[in-house]
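Input: a single structure, listed below in structure tokens.
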Amino acid sequence: MKKVVLIGCLLLAGCAQETTEPTKPSQSETKQPTEEKKPKPEPTKEDRQQAQLKQQLKTMSTSEKIDQLLYIGVAGTELSADDRKLLKTHAIGGVLLLGGNITSEEQLLTFTRAIQETNQKPYAFVGIDEEGGRVSRVPDQRLRLPTSQRMAQGADDAKMEDVGRTLGHLSRFYGFNMDFAPVLDVNSNPNNPIIGDRALSADPNTVATLGTALMHGMQETGTIPVVKHFPGHGNTSVDSHVGLPKVTASKEELKRTELLPFQEAIQEGAEMVMVAHILYPAYDDTNPSSLSKPILTDLLRQQLGFNGVIITDDLVMGAITKQYGLAEAARQSLVNGADMAMFSEAGAYTKVHAEVMQAVKEKTLTPEMLDGKVIRILKLKQTYADSQEQQRPTKSELIQQVEALN
């Protein structure tokens, strides 16, 4: 009995000597500081623009989207009943006027005003080839600039920006919102029958510097510049209006010469590029550049990083028509990477539209591809929308500007 009592006492003593630790709350019971919810960042101007464009896209039918990809020519020297109906009932992307559409100043002003007042929304591009020199459409001789080559002689960036502003003001005065200029071709072949003094220089670095300055001057006026003729028309010996030129230079040679001005312009904010009809075997030994995926998509879009609008040169040229039908060429160019197919053949809208619609139905032109093209076109139109309402320069102001450059 004494042993039992003794063992009990020892056990009680051992328990009394243990230190009692406070119970720690489990991790789940620990109060975490309340994280303050960060306010969502305000959408940027780019975000708002993109949302607006996507909303606009939702309201468009497939047929209307295809309309935006077509840059059409019209017949005669005034808006015909057929062309008026077409522009009123279809969302045509752009309208091109050539020398044969122009006879006088008053006639031209009436013509462009009719296009602007008639066309379906969103507004159409209305384009002209106004470079100066032998490629000039303005009907008043007092408003014609010298050749690009002459204007570039001894010029600096500031002088070429003045040239660009003058070209932009000339375009706007006559009712155009787009000018197919500047020419960024390098005049590297003295036997070239089509470029010559239309180029700024035979030196690619000079063309890059002065051509980019000219482009910036045009942009300041609210006129959309279209740099041309990608990948470069300066080293050809055939006029693409007549046949298909071929440039056999290597990729390395092209990078150092023909492509350099376009690369510079893209880095400096080029918004629209015109692609020529030239065979470049270094990239594609089968298709002319305007119809070539390796050139339109792989080179221009991906390698050079151009995210603006790609337009073909006029598809009604010998380089194309001797090998392709117009509608077929338009379809191929759009499927392979162009955003807009340009054709001056009046009355060709129906057959070209039908051919592109067939490409959509066959899914060679996918919905994603189609929407991407339309977004780029609408974005450019939105960027210049305010300039459509800007006051145009007066005739006397234009004469002074041209005289200062001559």
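The values are calculated or read from the model by the stated rules, or taken from the named source; none is laboratory data. Note that the coordinates shown come from a computational prediction; the quantities given were computed from them, not determined experimentally. Note: ideal-geometry Cβ built from the backbone for every residue, glycine included; neighbour counts use all protein chains shown. To get the accessible areas, we keep the full protein, side chains included, count just its heavy atoms, and leave off ligands, DNA and RNA. Shrake-Rupley method; radii C 1.70, N 1.55, O 1.52, S 1.80 Å.
Structure above, values below:
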| item | result |
| --- | --- |
| In sequence order, calculated HN-Hα J values of the stretch 298-306 (Karplus, 6.51, -1.76, 1.60; Hz; x Gly/Pro) | 5, 7, 6, 6, 8, 5, 8, x, 7 |
| Aspartates and glutamates with Cα under 19 Å of Lys255, excluding same-chain neighbours fewer than 8 positions away | Asp185, Asp203, Glu264, Glu268, Asp284, Asp285, Asp298 |
| Surface share of carbon and sulfur [accessible, 1.4 angstrom probe, percent] for the stretch 66-156 | 46 |
| Cα pair distances of the chain binned at 20 Å [whole percent] | 26, 51, 9, 4, 5, 5, 1 |
| Within straight-line cross-link reach of Lys85, aspartates and glutamates at Cα separation under 19 Å, skipping those fewer than 8 residues along the same chain | Glu64, Asp67, Glu117, Glu345 |
| Base-10 log of normalised Debye intensity for the stretch 189-330 (one unit scatterer per alpha-carbon) at q = 0.10, 0.11, 0.15, 0.18 Å⁻¹ | -0.31, -0.38, -0.72, -1.06 |
| Mean accessible surface per residue for the chain, computed with a 1.4 Å probe while every protein chain stays in place, in Å² | 48 |
| Selection from Pro231, Val309, Val275 lying farthest towards where the dipole of the chain points positive, charges on Cβ | Val309 |
| Ranked by how many other beta carbons lie within 10 Å on average, peptides 272-285, 139-152 from highest | 272-285, 139-152 |
| Share of carbon and sulfur in the accessible heavy-atom surface of the stretch 289-406 [1.4 Å probe, %] | 47 |
| Long-range HN-HN contacts of Leu279 with modeled amide H, under 5 Å | Lys246, Val247, Ser289 |
| Share antiparallel - DSSP beta bridges, the chain, percent rounded to 5 | 10 |
| Radius 9 Å from Cβ of Ala327, net charge of other residues (Lys, Arg +1; Asp, Glu -1) | 0 |
| The chain: angle of helix 2-17 to the longest principal axis, Cα-based, in degrees nearest 10 | 30 |
| With Cα atoms, 0 to 90° folded angle of helix 157-173 axis to the chain main axis | 70 |
| Contour minus Cα-Cα distance for Asp157 and Thr89 (0.36 nm per residue) | 20.1 nm |
| Simple label model, 7 Å out from Cα along Cβ direction - Glu42 to Asn307, nm | 2.2 |
